[in-house]
Amino acid sequence: MELFLADELATLELGKQLAQLAPATQFTIFLEGELGAGKTTFSRGLLQALGHKGNVKSPTYTLVERYDLATRTVFHFDLYRVVDPEELDYLGLDDYFSNDALCLIEWATLGSEHLPTPDLVLEITYQNHARVAKFKAHSTLGEKVYEQLHK
Ligand SMILES: Nc1ncnc2c1ncn2[C@@H]1O[C@H](COP(=O)(O)OP(=O)(O)O)[C@@H](O)[C@H]1O
Ligand SMILES: [Mg+2]
(Lines give C-alpha, C1' and ligand atoms only; values in the text may rest on other atoms or scores of the structure.)
(Ligands and ions follow the chains in the order given, each with its own letter.)
Protein backbone atom coordinates (compact mmCIF):
# COMPACT_ATOMS: atom_id res chain seq x y z
CA MET A 1 0.00 0.00 0.00
CA GLU A 2 1.31 3.41 -0.96
CA LEU A 3 1.11 6.66 0.97
CA PHE A 4 1.21 9.86 -1.05
CA LEU A 5 3.50 12.57 0.34
CA ALA A 6 2.52 15.81 -1.36
CA ASP A 7 5.28 17.93 0.14
CA GLU A 8 8.00 18.14 2.78
CA LEU A 9 5.41 18.70 5.50
CA ALA A 10 3.72 15.39 4.65
CA THR A 11 7.06 13.60 4.98
CA LEU A 12 7.68 15.25 8.36
CA GLU A 13 4.17 14.25 9.41
CA LEU A 14 4.83 10.63 8.47
CA GLY A 15 7.92 10.70 10.68
CA LYS A 16 5.80 12.06 13.49
CA GLN A 17 3.30 9.24 13.03
CA LEU A 18 6.07 6.67 13.27
CA ALA A 19 7.35 8.32 16.45
CA GLN A 20 3.93 7.73 17.96
CA LEU A 21 3.44 4.20 16.64
CA ALA A 22 6.85 2.64 17.18
CA PRO A 23 6.85 0.38 20.24
CA ALA A 24 8.93 1.39 23.27
CA THR A 25 11.16 -1.64 22.80
CA GLN A 26 14.03 -1.95 20.32
CA PHE A 27 12.77 -1.09 16.83
CA THR A 28 14.67 -0.68 13.58
CA ILE A 29 13.58 1.07 10.39
CA PHE A 30 15.58 0.95 7.16
CA LEU A 31 15.08 4.06 5.01
CA GLU A 32 15.45 3.50 1.30
CA GLY A 33 15.26 5.81 -1.66
CA GLU A 34 17.54 7.92 -3.86
CA LEU A 35 19.46 10.96 -2.70
CA GLY A 36 16.94 13.68 -1.91
CA ALA A 37 14.02 11.29 -1.61
CA GLY A 38 13.28 12.43 1.93
CA LYS A 39 14.93 9.87 4.24
CA THR A 40 16.48 12.54 6.44
CA THR A 41 13.34 14.68 6.31
CA PHE A 42 11.36 11.69 7.62
CA SER A 43 13.96 11.20 10.37
CA ARG A 44 13.72 14.89 11.34
CA GLY A 45 9.93 14.62 11.63
CA LEU A 46 10.32 11.60 13.88
CA LEU A 47 13.06 13.11 16.05
CA GLN A 48 11.27 16.42 16.47
CA ALA A 49 8.08 14.61 17.44
CA LEU A 50 10.09 12.93 20.21
CA GLY A 51 11.25 16.31 21.46
CA HIS A 52 14.45 16.98 19.55
CA LYS A 53 14.91 20.69 18.97
CA GLY A 54 16.95 21.89 16.08
CA ASN A 55 18.37 20.55 12.91
CA VAL A 56 18.92 16.97 11.80
CA LYS A 57 21.63 16.30 9.28
CA SER A 58 22.51 13.00 7.69
CA PRO A 59 25.54 11.74 9.65
CA THR A 60 27.34 10.93 6.44
CA TYR A 61 30.86 11.15 7.85
CA THR A 62 30.33 9.88 11.38
CA LEU A 63 27.88 7.20 10.11
CA VAL A 64 25.71 7.47 13.20
CA GLU A 65 24.24 10.21 15.39
CA ARG A 66 22.81 9.51 18.82
CA TYR A 67 19.80 11.41 20.18
CA ASP A 68 18.99 10.99 23.86
CA LEU A 69 15.40 12.21 24.05
CA ALA A 70 12.92 12.36 26.91
CA THR A 71 11.23 9.04 26.21
CA ARG A 72 13.93 7.08 24.42
CA THR A 73 17.22 6.97 22.58
CA VAL A 74 17.26 7.20 18.79
CA PHE A 75 20.22 6.27 16.61
CA HIS A 76 20.21 7.80 13.14
CA PHE A 77 22.57 6.11 10.69
CA ASP A 78 23.62 7.16 7.22
CA LEU A 79 25.76 4.50 5.56
CA TYR A 80 26.11 6.34 2.24
CA ARG A 81 29.89 6.58 2.54
CA VAL A 82 30.46 3.00 3.64
CA VAL A 83 32.70 1.26 1.14
CA ASP A 84 33.22 -2.00 3.01
CA PRO A 85 30.55 -3.25 5.45
CA GLU A 86 33.41 -4.30 7.75
CA GLU A 87 33.70 -0.60 8.66
CA LEU A 88 30.59 -1.13 10.74
CA ASP A 89 32.43 -3.51 13.04
CA TYR A 90 34.26 -0.53 14.53
CA LEU A 91 31.00 1.12 15.53
CA GLY A 92 30.14 -1.60 18.07
CA LEU A 93 26.76 -2.22 16.50
CA ASP A 94 25.50 -4.56 19.21
CA ASP A 95 24.99 -1.62 21.55
CA TYR A 96 22.77 0.13 19.05
CA PHE A 97 20.43 -2.75 18.43
CA SER A 98 19.75 -3.54 22.06
CA ASN A 99 18.67 -1.30 24.93
CA ASP A 100 15.28 -0.45 23.50
CA ALA A 101 16.66 2.08 21.07
CA LEU A 102 14.88 3.23 17.95
CA CYS A 103 17.25 2.87 14.99
CA LEU A 104 16.79 4.70 11.69
CA ILE A 105 19.17 3.59 8.95
CA GLU A 106 19.69 5.39 5.64
CA TRP A 107 21.47 3.35 2.93
CA ALA A 108 21.17 0.17 4.97
CA THR A 109 21.97 -2.01 1.95
CA LEU A 110 25.60 -0.81 2.24
CA GLY A 111 25.79 -2.38 5.71
CA SER A 112 24.52 -5.70 4.37
CA GLU A 113 24.74 -8.64 6.76
CA HIS A 114 26.35 -6.54 9.49
CA LEU A 115 22.93 -5.12 10.29
CA PRO A 116 20.04 -6.96 11.93
CA THR A 117 16.77 -7.60 10.12
CA PRO A 118 14.69 -4.42 10.36
CA ASP A 119 11.18 -4.31 11.76
CA LEU A 120 10.12 -2.04 8.93
CA VAL A 121 11.53 -0.89 5.63
CA LEU A 122 10.34 2.46 4.33
CA GLU A 123 10.96 3.13 0.66
CA ILE A 124 10.42 6.66 -0.61
CA THR A 125 10.26 7.26 -4.34
CA TYR A 126 9.89 10.37 -6.46
CA GLN A 127 6.58 11.10 -8.09
CA ASN A 128 7.16 14.28 -10.08
CA HIS A 129 7.78 16.91 -7.39
CA ALA A 130 6.13 14.87 -4.67
CA ARG A 131 6.99 11.52 -3.10
CA VAL A 132 5.37 8.16 -2.49
CA ALA A 133 6.07 6.12 0.63
CA LYS A 134 5.81 2.37 0.85
CA PHE A 135 6.34 0.28 3.97
CA LYS A 136 7.23 -3.37 4.31
CA ALA A 137 7.08 -5.20 7.62
CA HIS A 138 9.74 -7.77 8.50
CA SER A 139 8.73 -8.68 12.04
CA THR A 140 5.63 -9.13 14.15
CA LEU A 141 6.24 -5.74 15.77
CA GLY A 142 6.69 -4.24 12.32
CA GLU A 143 3.41 -5.74 11.16
CA LYS A 144 1.56 -4.16 14.07
CA VAL A 145 2.93 -0.73 13.23
CA TYR A 146 2.18 -1.30 9.56
CA GLU A 147 -1.46 -2.06 10.33
CA GLN A 148 -1.81 1.06 12.50
CA LEU A 149 -0.28 3.21 9.78
CA HIS A 150 -2.65 2.04 7.09
CA LYS A 151 -5.83 2.09 9.15
N1 LIG B 1 7.04 14.71 0.06
C2 LIG B 1 7.90 15.57 -0.47
N3 LIG B 1 7.63 16.20 -1.59
C4 LIG B 1 8.51 17.04 -2.12
N5 LIG B 1 9.72 17.35 -1.61
C6 LIG B 1 10.05 16.75 -0.49
C7 LIG B 1 9.16 15.84 0.13
N8 LIG B 1 9.77 15.38 1.25
C9 LIG B 1 10.94 15.98 1.30
N10 LIG B 1 11.13 16.82 0.25
C11 LIG B 1 12.30 17.64 -0.07
O12 LIG B 1 13.23 16.78 -0.68
C13 LIG B 1 14.49 16.90 -0.04
C14 LIG B 1 14.77 15.65 0.73
O15 LIG B 1 16.03 15.72 1.29
P16 LIG B 1 16.53 14.66 2.35
O17 LIG B 1 15.46 14.41 3.34
O18 LIG B 1 17.85 15.13 2.83
O19 LIG B 1 16.69 13.36 1.42
P20 LIG B 1 17.56 12.04 1.65
O21 LIG B 1 17.91 11.94 3.10
O22 LIG B 1 16.66 10.93 1.20
O23 LIG B 1 18.76 12.17 0.76
C24 LIG B 1 14.39 18.13 0.85
O25 LIG B 1 14.83 19.23 0.10
C26 LIG B 1 12.90 18.23 1.16
O27 LIG B 1 12.47 19.55 1.31
MG1 LIG C 1 19.84 11.69 4.03
Problem set entry | Estimated vicinal HN-Hα couplings, Hz - the stretch 139-151 in sequence order (Karplus 6.51, -1.76, 1.60; Gly, Pro = x) | 8, 5, 4, x, 5, 4, 5, 4, 4, 4, 5, 9, 6
Problem set entry | Choice from V121, V74, V132 showing the highest fluctuation, given a GNM over the chain with Cα pairs closer than 10 Å | V132
Problem set entry | More than 18 Å apart - percent of Cα-Cα pairs taken over the stretch 2-149 | 53
For this session: Please turn the phi angles of the stretch 114-125 into ³J(HN,Hα) values with the Karplus equation 6.51 cos²θ - 1.76 cosθ + 1.60 (θ = phi - 60°), one per residue in order, whole Hz, x for glycine and proline.
Result: 6, 9, x, 5, x, 7, 9, 10, 10, 10, 10, 10
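Between N99 and A6, what's the calculated FRET efficiency when r is the beta-carbon distance and R0 is 30 Å? Round to 0.05.
0.25
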Exercise. In this model, which of K16/K53; K57/K136; K16/K151 are farther than 22 Å apart at the alpha-carbon?
Worked result: K57/K136
For this session: Normalise the Cα radius of gyration of the stretch 1-54 by 2.2 N^0.38 Å (N = residues in it) and let me know the number.
Result: 1.12
Seminar exercise, completed: Percent antiparallel among DSSP beta bridges confined to the stretch 2-149, rounded to 5, stands at 55
For this session: Enter the accessible area per residue of the stretch 13-151 (Å², integer; probe 1.4 Å; all protein chains in place).
Result: 52
For this session: Express the carbon and sulfur contribution to the solvent-accessible surface of the chain as a percent, rounded to the nearest whole number, probe 1.4 angstrom.
Result: 50
For this session: Choose one answer from Q17, Q26, Q127: the residue with the largest mean-square fluctuation in a GNM of the chain with alpha-carbon springs under 10 Å.
Result: Q127
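The values are calculated or read from the model by the stated rules, or taken from the named source; none is laboratory data. It should be emphasised that the depicted structure is a prediction, and the values quoted were computed from it without experimental measurement. Because the Cβ atoms are built from the backbone with ideal geometry, glycine has one as well, and the counts that use them run over all protein chains shown. Surface areas here come from the heavy atoms of the whole protein model, side chains and all, with no ligands, DNA or RNA. Shrake-Rupley method; radii C 1.70, N 1.55, O 1.52, S 1.80 Å.
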